[in-house]
Every structure is written in C-alpha cells, then in structure tokens.
Amino acid sequence: MTSIWFEQALLPTGWARHVRLTVQDGVIASVEPDSAAQPDDQRHAIGLPGLSNAHSHAFQRAMAGLAECAGPTTDSFWTWRETMYAMVATLTPDDVRAIAAMAQMEMLESGFTRVAEFHYLHHQPDGAAYDAPAAMAVAIAQAAEDSGIGLTLLPVFYAHSGFGGAAPSDRQRRFINSVDSYARLLTDSRAAIAPLDGARIGIAPHSLRAVTPDAFRAILPLQPDGPIHIHIAEQQAEVDACIAWSGARPVAWLLDHMPVDQRWCLVHATHMDAQEVARAARTGAVAGLCPITEANLGDGLFALPDWLAEDGAIAIGSDSNVRIDASEELRLLEYGQRLARQQRNVAALPGGSTGGRLYRAALTGGAQSVGTQAALVAGAPADIVALRPDESGATGDALLDRWIFARGRDAIDTVWRHGSPWVQGGRHIARDAITARFATILRRISDR
C-alpha cells in the first residue's frame with residue numbers, strides 16, 4: 001500500500017488541508033483530511049484528480065509544426081488535411097507505437113492521466129487489412145503500456161468521403177471499413193487493450209460525412225455500452241454540405257436521427273445555432289473541445305457561455321497534438337471567448353474563479369467522455385496530479401487560476417496513473433527512451 005500526503009487537495013466536497021490518501025492495487029483506498037503526515041508518506045504540496053484527454057489522434061503528433069507554411073490558396077482545415085494524408089501514407093505499426101508513446105508521455109507530463117484515442121488509421125498503405133486487422137490498435141495499446149497512460153480506445157468507423165455515401169478517395173484507403181470488417185476490428189481491439197489496467201473501449205463513427213445513416217444505425221449495437229464519440233460541426237463548410245444533403249444542420253440531424261445521450265461526446269460542435277446548443281446540452285452529451293487544434297486549424301469558436309448556461313458538459317482534448325498541454329487547452333478555451341466578446345472571466349460564475357469552473361467542468365465531463373471516474377475519493381482510480389508549491393501562497397481555487405493562467409505545465413510535479421508515479425519532478429520516468437525512439441521514427445519518415 002502507498003500513502004500520499006498533500007498540504008492541500010481538491011476533494012469532491014471542495015478544498016481540504018492536510019489530506020492523506022492511501023492507494024492499493026491502483027485504486028484509492030482511503031482519503032483522510034486534516035490528518036498528520038506519517039513517516040513513510042510521500043509528501044506533496046497540491047493534489048488534484050488527473051484530467052481526461054477526450055480527443056486524440058496520436059499519429060498526428062509526428063506532423064506537429066510541419067503544416068505552417070502558406071499554400072497557393074487560402075489555407076484551412078481542408079488544405080491541412082492533405083498534408084496529413086501525405087504524412088500518414090507510409091506509417092507502420094512500429095512507427096505509430098513510437099509516435100503515440102511520445103504524445104501520451106507529453107499528456108502525462110501536462111496533467112492528463114487518461115486519453116480517448118480516436119483511432120482511424122487501420123490498414124496497410126495499400127488499403128488492405130493487416131493479417132491481424134487490429135495491428136494498429138495493438139500499437140496504440142503498446143504505446144499506452146510504454147507511457148503508462150490510461151487508455152479509452154475508440155476504433156473509428158470511416159466509410160465515405162462525403163455526405164450521401166460519396167466514394168472514399170484513394171488517400172483515405174487506410175481508414176475505410178465496411179460494417180462487417182469494422183465488427184471484426186472492434187472485437188480484435190477489445191483483445192488488444194485487455195492486458196492494460198483500467199482500459200476501456202467505445203466506438204466512433206467518424207462524422208456524418210463519413211458514415212451513411214444505415215451504417216450508423218448498424219454499428220451502434222456492436223458496442224452496447226461504453227462511450228460513443230463523433231466529429232461534428234467542426235467546419236462551416238461541413239455545415240453547408242450537411243444542409244445541402246439533408247436540409248438540416250449537422251447537430252440537429254444527429255439529434256433527430258440518433259439516440260444521443262450521456263454516452264456521447266460531440267467532438268468540436270463548433271458551429272451550432274442556439275436551438276442546437278439547447279437541444280444538445282439537454283441530452284447530457286459532452287462537448288469535446290480542443291481549443292489548441294481548433295485555433296491551429298482556424299475552425300472557429302465554440303459557443304461556450306451559451307452551452308454552460310444550458311448546463312452543458314464539456315471535456316478538453318489535444319486532437320491533432322500540435323501542442324500537448326492540459327492547462328493551455330483550458331487557458332485558450334477562455335482566452336478565445338475573451339477575444340471574441342471583449343470581456344474577461346467569461347466562463348466564471350459571478351464572483352467565482354474562472355480556472356476553478358473550467359477545471360471542474362473538464363474533470364467531470366472528461367471522465368464521463370472516457371467512461372471512468374475522476375475524483376480523490378475511495379474507490380476511484382488512483383490517477384492523481386501533484387502541483388509544485390505555489391510561491392504566491394495561493395489557496396483553494398486560486399491555485400487552479402494560477403496553474404491555468406500563469407504557471408502552466410511547469411507547475412506539474414508528480415503524476416500517478418493507476419497508483420504508479422509515471423511523472424516525477426515534472427519529467428516522465430521513461431522520457432529519454434521514448435524521445436529517442438520518436439526521434440528515430442521522425443528521421444525515417446522524412447527519408448521515405
């Protein structure tokens with residue numbers, strides 16, 4: 001049994017002082033506020049539950065910073081996607097393992113303890129299935145074993161290039177499945193994650209443009225429990241194409257035709273009208289927001305104040321992994337709203353902390369989106385973040401404001417996942433080996 005003592009820690013009931021936790025078999029066994037530290041306790045300043053990363057495409061970490069040169073036309077998500085297609089064309093399972101381990105390591109170092117991997121790179125470069133159809137899923141699971149992060153694997157169903165069942169392009173051949181081949185992929189993916197502590201599986205219809213209504217209905221029963229994630233309304237061009245196809249906006253169409261509830265995560269949901277905001281929030285679905293990627297791709301701004309006013313749930317994700325930093329995702333989520341509205345503390349309740357509200361919302365919604373529990377409470381996974389002492393002397397939610405808006409990832413001291421300290425002194429315990437493998441893979445990719 002491991003015992004950890006915090007000067008201050010955030011419990012479900014609020015901030016508490018002199019909190020002693022015991023951990024056994026990867027689970028929090030007891031939580032005792034107002035307790036004296038014992039001789040064998042690991043002593044730390046500030047304790048928080050780890051955040052869940054609700055949306056990641058791990059392989060895209062390999063192209064971070066490599067799509068920032070202007071093309072001959074106006075650049076957008078759609079031109080960025082062509083760069084991504086070129087990069088992904090030759091990746092092997094070993095490449096993906098090394099790239100994913102790098103991304104997951106950086107997630108842990110920034111305060112994420114679990115990731116929902118929206119995994120759509122399935123096949124060989126020519127589009128044929130691997131002999132083991134879930135070879136790429138195995139690579140993601142092996143990376144999670146290398147890095148120590150908690151994994152919620154979301155095998156993606158991707159069948160078409162556009163609304164109405166448009167034929168996929170040649171550059172999408174590594175992503176494409178039929179309903180039958182997807183069912184086998186899902187079965188093999190369950191086996192791939194079985195050795196991992198606390199791993200979960202869900203399903204991910206890629207988007208309304210990539211899945212026909214009939215196929216959408218056919219895949220939902222393949223995983224009767226677990227999370228359901230979908231890209232939706234990320235781009236205005238997607239909204240326009242959906243209206244041309246169906247006469248409805250994407251989120252409205254989804255709510256009209258699919259059983260959206262608390263299992264669902266609506267990734268991005270950037271372009272909703274007021275009616276869609278109200279209806280989607282009432283379902284209990286989580287809005288999976290990726291502010292760094294959405295800014296990098298020029299997607300637009302999520303209607304955060306309207307969503308929160310409807311008691312909508314949110315989670316944050318690193319998506320393209322162009323930069324991985326939990327506190328920066330929350331900071332940029334707020335700063336985008338400030339710039340658009342020319343006001344401060346947009347997410348805060350009157351008289352309340354902005355960082356406190358954002359962190360708690362992302363903690364709760366993130367755990368919901370990945371199918372787990374996130375709290376410093378007996379029975380919960382021992383996925384815990386310790387922040388370094390704050391030189392300002394701040395207490396309570398001011399510590400969250402300081403972490404998110406001032407200190408950033410430099411504040412991270414120790415991160416436990418399943419009770420094991422994978423990050424110590426702000427540095428992942430396997431950083432040297434993971435970084436070396438990643439650098440080797442990047443050189444190989446550039447030489448192909």
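Largest GNM mean-square fluctuation among N296, N53, N321, using the chain with Cα springs under 10 Å: N296.
Placing a pseudo-label 7 Å from each Cα along the Cα-to-Cβ vector at A89 and Q42 gives an inter-label distance of 4.6 nm.
Among beta bridges from DSSP that stay inside the chain, the antiparallel ones total about 45%.
For region 51-370, a simple Cβ point-charge model (Lys and Arg +1, Asp and Glu -1, everything else neutral) yields a dipole of about 460 debye relative to the Cα centre. Near Q42, the amide H atoms lying under 5 Å from its own belong to S3, I4, W5; only residues 5 or more places off or on other chains count, and H is placed 1.01 Å from N.
Structural descriptor for region 1-88: relative contact order 24 percent, calculated from alpha carbon pairs under 8 angstrom and at least 6 residues apart.
Electrostatic tally near R17: other residues with Cβ closer than 12 Å to its Cβ, Lys and Arg +1, Asp and Glu -1, net -2.
Residues whose amide H falls under 5 Å from that of L91, counting only those 5 or more places apart or on a different chain, are absent, with hydrogens built in the peptide plane. Entry note, the chain: the mean residue ellipticity at 222 nm calculated from DSSP H runs of n ≥ 4, each adding -39500 (n - 2.57), is -11000 deg cm²/dmol after division by the residues and rounding to the nearest 500.
Pop the C-beta distance of A194 and I243 into the FRET formula with R0 = 35 Å and round what comes out to the nearest 0.05. It comes to 0.25. Highest GNM mean-square fluctuation among D306, D319, D413, for the chain modelled with Cα contacts below 10 Å: D306. So what is the relative contact order of region 51-370, in percent, for Cα pairs below 8 Å that sit 6 or more residues apart? Rounded, it is 21 percent for region 51-370. Arranged from fewest to most other beta-carbon atoms within 10 Å of their beta carbon, I243, I434 become I243, I434.
Computed over the chain, the P(r) curve from all C-alpha pair distances, binned at 20 Å from the origin, holds 26, 59, 15, 0 percent per bin. Using the Cβ-Cβ distance between R338 and S178 with R0 set to 56 Å, the FRET efficiency from 1/(1 + (r/R0)^6) comes to roughly 0.75. Between A433 and E391, residue separation times 0.36 nm minus the direct Cα-Cα distance comes to 11.9 nm. Here's the picture: a label point sits 7 Å out from the Cα of C69 along the beta-carbon direction, and within region 87-101 the residues with their amide nitrogen under 20 Å of it are 87-90.
Taking other C-beta atoms within 10 Å as the exposure proxy, D447, D273, D225 rank D447, D225, D273 from fewest upward. Comparing mean-square fluctuations of R344, R263, R402 from a GNM of the chain with C-alpha springs under 10 Å, the top value falls on R344. The radius of gyration of the Cα set in region 27-108, together with its Dmax, comes out at 21.1, 65 angstrom. Within 13 Å, Cβ to Cβ, of W78, how many net charges do the neighbouring residues add up to if Lys/Arg are +1 and Asp/Glu are -1? With Lys, Arg at +1 and Asp, Glu at -1, the net is -3. Potential lengthening of the chain between S30 and A167 amounts to 43.8 nm, from the contour at 0.36 nm per residue minus the alpha-carbon distance.
Mean sequence separation of contacting Cα pairs (under 8 Å, at least six apart), scaled by the length of region 297-395, corresponds to a relative contact order of 24 percent.
As a proxy for reagent exposure, W403, W15, W78 were ordered by neighbouring Cβ count within 10 angstrom, fewest first; the result is W78, W15, W403.
Values in this text are rule-based calculations from the coordinates and carry no lab data. Keep in mind it's a predicted model, so treat the numbers as computed, not measured. Please note: Cβ atoms are built from the backbone with ideal geometry, for glycine as well, and neighbour counts cover all protein chains shown.
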